[in-house]
Amino acid sequence: MDRPSWAPDDIDLDKPTAARAYDYLLGGAHNFAADREMIRAAMSFMPDLALQAQANRAFLRRAVQYLVDVGVRQFLDIGSGIPTRGNVHEIAQRAAPDARVVYVDIDPVAVSHGRHFLAGNPHTYVLQEDVRNPTDIVKHPDVTDLLDFERPIGLLMVALLHVVPDADDPYGIVAHLRDELSPGSHIVIGHGTHDSRPEEVAKLTAISRQTPTAMSTRTREDVVRFFDGFELVDPGVVWAPLWRPDSPEDVPEDPGRSGNYVGVGRLG
Amino acid sequence: MSGPAGAAAFAHAWADRVAGTSYVSMTRAESRIFLGALTGRLAAVLAAEEFDAVAVHQVGTDFFDAGYTAPEALGRTVALVHERLLRDLGRTDPDGRLGRLIDVLASSCARAQLDQTLDAQENMRRAALVARIRAERALHESEARSLHAALHDPLTGLPNRTLFARHVAEAFDADDRIGVCFVGLDRFKAINDSLGHGVGNAVLTAVAQRLRAVGEQLFVARLGGDEFAVHVPRTTCVDDVLKVADRVLATVAAPILVDGRELTVTASAGVVERPTSGTDAGDVLRAADISLHWAKADGRDRPAAFDPDRNAADVARYELAAAMPGALARDEFYPVYQPLVDLNSRRLVGVEALARWRHPVHGRLPAGSFIGLAEDSGLIVPLGLRLMELSCRQAKRWNGPLVSVNLAVRQIRRPGLVAEVAALLDRVELPPELLQLEITESAVLEPDDETVGTLRALDNLGIRLVIDDFGTGYANLAYLADLPVRGLKVAAAFLRGQGFDSRRAAVLEAMISTGRALGLTVTAEGIETPEQARTLRRMGCHLGQGWYLGRPTDPSSIRLG
């Protein structure tokens, strides 16, 4: 049977989701008790988790700013989460009001909220889809109405690929999406790792199994492989705070504590 | 340090102090500029004549709205203001204004926090509700889609057999009468085979479109393959459905353009119209199917209405056909013998063996009621051989008149016939000249090498071959010269009644003289009156057969000599 990608039963507000938990980490109130409870449990052994989420978010901001600076005017943000503060369209449209942004998330509540939040913005669209169906994303009529795949696109996958296990072929998914992009497009990846804090991250991974999107962290080498077919933009794949920081003050003493590798790749 | 430089220093310290308390979508430089502006507004409040609580409230709200939402951001701000705002601005605080400023700042942040939290929570509850409604709708639509898919044909989009049956069942409840027309495309397989399935599908799609256009009140379905069905509502008689069938056949027959090629496809239709009482949907659909079968059997490109008598006859035939293999095994088939008489001397020269079936229920059945069925099913081969054996044994017993046995086309086409006949003659020890085999004209209409070879081999065995029913097919006189036949049998039916048709008699006479000219023995069948016997003798016919000369009978009733 041709079932929809999500069923009413999937909308269980008593179960945490990554999108809402992330919102809570960033200081937002777009979350429910179950999300907050999960984050509080995680913070009991990883008290700086909120700081690391902020570092991730700050990287997204700098990366989008960079893409706008090099002329990218279209963005496909997969795993966008709850679109509240510091969103891609805010950053992009501040610099280029005609910038177009498609948000994609698997979380139906995040999508529903996003659509309401972005109702007055004709240059944005929020799609409910699973990154594991890349064709359904890039061929969706509402997506192709807004984004021209013949022109450069900024493909954002920040804090996304570490919830796609190897069994679901994340490298194949990225390669599939890469093949849809035209030269001058960029990929932005932020990816959790256990390299720097193996024990804490193992516990965090265990906790993430409460959500529909359990974590599968990877090593730096594995993260670099996602950029196959792209030219890495300086400084390559680095700890989140080290990617083109706004100021040296923003770089903490031990950037590895961020637990996130990030990078930007350009399609030649 | 005071004045603008002091304000900038305060803003610098403020930005550093609140950095990391919550996510703010600004660079540190941007946050210093932003907080510098807020510091300037606070400085203005401290410098003003009157304390402006509204201005401070707005500073607090803007601070919060910029993203400094964490309680720590407010706490650290309050501490910093307390600690060094006056000092950095180079001011004193004679009227205790700083305390009021901090109070308003804190309460405005708290108010903003509460408002934003409540708004966010409300938005999320609504988002969850909307998401659930969307999910339910999506599920419902997908169920509706699968239901539609289960009841429709994907190629043409028409209802499928299941939905048609359901629709007809519903019509049974709604109407007194029911009218159904099944439509089958004629020779559709040839289109698929020769032009490919792509063209075949295009034809089906075009036909579906045309059927839809025949009438809005009609319910059209695709039953599968090249078969469609139409329910005609509110009928009063079979003509109502036949009229629809005529329109359907006409619309299908118009040329169909596929890939720039014009195709003409005809259709046959099976029509049923009857009261709903005393029947059910299954019966009606079966009857329509049978009628469609008749339309095709009757020559295609036509409608056929259901006829209970024809159906009863069909059923009886079917039952008879089904019973034949068992009957053969139980030896229920046997020959009777009809005399072949010399028309000049009136002496018996032979007998024709004719098949009968001793049916346990229907009694003795004539050949006409079952030989056709045996030919259709192929049972004619063992049945023919069995009758030949029984006839040969009888001929051996008589050891006098020859016995003439019918040989079916299927038997002739079968490899091994010659060996079987030879073995039979051997087994029975019958001199071959006492066996005559009658083959129909159609068997030798266009004789191929194998058929000719078989006939020559039979002739070489010493068996007489004659052509049965000569002149009833499309006789090709040329073959008569080439085939090893010794005689012809012609039908005397032309001479029936008083004063027969002279033209037909002339044809008969021509056939007889043709046979004589070729040196063949000519036998007339179906002689029923003395006049016929006399006429045929005068025409030169050698032998006669018919009721007047002797009915088919048991071997014991045959008078020899």
Considering only residues that are surrounded by 24 or more Cβ atoms within 10 Å (Cβ to Cβ), in a strand (DSSP E or B) and either at the interface with chain B (Cβ under 8 Å from one of its Cβ atoms) or not acidic (Asp, Glu) (or both), which ones fall in region A:96-119?
A:Val101, A:Val102, A:Tyr103, A:Val104
One residue is enough: does region B:145-164 have a residue meeting the conditions among the basic types (Lys, Arg), more than 9 Å from chain A (Cβ to nearest Cβ) and under 30 Å from B:Ala202 (Cα atoms)?
yes
Need the failing condition index for A:Ala110 against (1) over 14 Å from the mean Cα position of the chain (by Cα); (2) closer than 23 Å to A:Leu25 by Cα, just the number.
(1)
Only one of (1) under 24 Å from A:Arg61 (Cα atoms); (2) at pLDDT 95 or above; (3) of a type in the set (A, V, I, L, M) is not met by A:Ala175, so which one is it?
(1)
Take the residues in region B:1-51 that are of a type in the set (Ser, Thr, Tyr) and outside any helix (DSSP H, G or I), then tell me which one is farthest from the other protein chains (Cβ to nearest Cβ).
B:Ser2
Restricting region B:205-232 to residues that are within 11 Å of the chain's Cα centre (by Cα) and free of Cβ contacts under 8 Å to residues at least 60 places away in the same chain, the residue that is surrounded by the fewest Cβ atoms within 10 Å (Cβ to Cβ):
B:Gly225
Count of residues meeting criterion [crowded, with 18+ Cβ neighbours inside 10 Å and either within 11 Å of chain B (Cβ to nearest Cβ) or among the hydroxyl-bearing types (Ser, Thr, Tyr) (or both)] in region A:32-50:
3
Failed condition for B:Gly299, given (1) assigned by TED's automatic domain parsing to the domain that holds B:Gly270; (2) small (Gly, Ala, Ser); (3) closer than 23 Å to B:Arg410 by Cα, with all others met?
(3)
Which listed residue, of B:Glu273, B:Glu352, is of a type in the set (Asp, Glu) and not assigned by TED's automatic domain parsing to the domain that holds B:Val183:
B:Glu352
When you go through B:Gly20, B:Gly6, B:Gly60 one by one, which is the residue that is among the small types (Gly, Ala, Ser), surrounded by 18 or more Cβ atoms within 10 Å (Cβ to Cβ) and under 11 Å from B:Asp88 (Cβ atoms)?
B:Gly6
Take A:Asp169 and decide whether it is on the phi > 0 side of the Ramachandran plot and free of Cβ contacts under 8 Å to residues at least 60 places away in the same chain.
yes
Give the number of residues within region A:120-148 that are within 13 Å of A:Val101 (Cα to Cα), away from every other protein chain (no Cβ under 14 Å) and not in a helix (DSSP H, G or I).
7
Listed by first then second residue, the pairs whose first member lies in region B:516-531 and is within 12 Å of B:Val485 (Cβ to Cβ), whose partner is in a loop (DSSP other than H, G, I, E, B) and aliphatic (A, V, I, L, M), with beta carbons under 7 Å and at least 6 positions apart or on separate chains, are B:Leu520/B:Val485
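Please determine whether any residue of region B:321-330 is within 30 Å of B:Arg537 (Cβ to Cβ) and surrounded by fewer than 19 Cβ atoms within 10 Å (Cβ to Cβ).
The answer is no; no qualifying residue exists.
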I need the full set of residues from region A:174-203 which are part of a helix (DSSP H, G or I) and buried (at least 21 other Cβ atoms within 10 Å of the Cβ), in order please.
A:Val174, A:Leu177
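The values are calculated or read from the model by the stated rules, or taken from the named source; none is laboratory data. Note that the structure is a prediction, hence the values are computed from the model and not measured. Don't worry about glycine lacking a Cβ; one is built from the backbone with ideal geometry, like all the others, and counts go over all protein chains shown.
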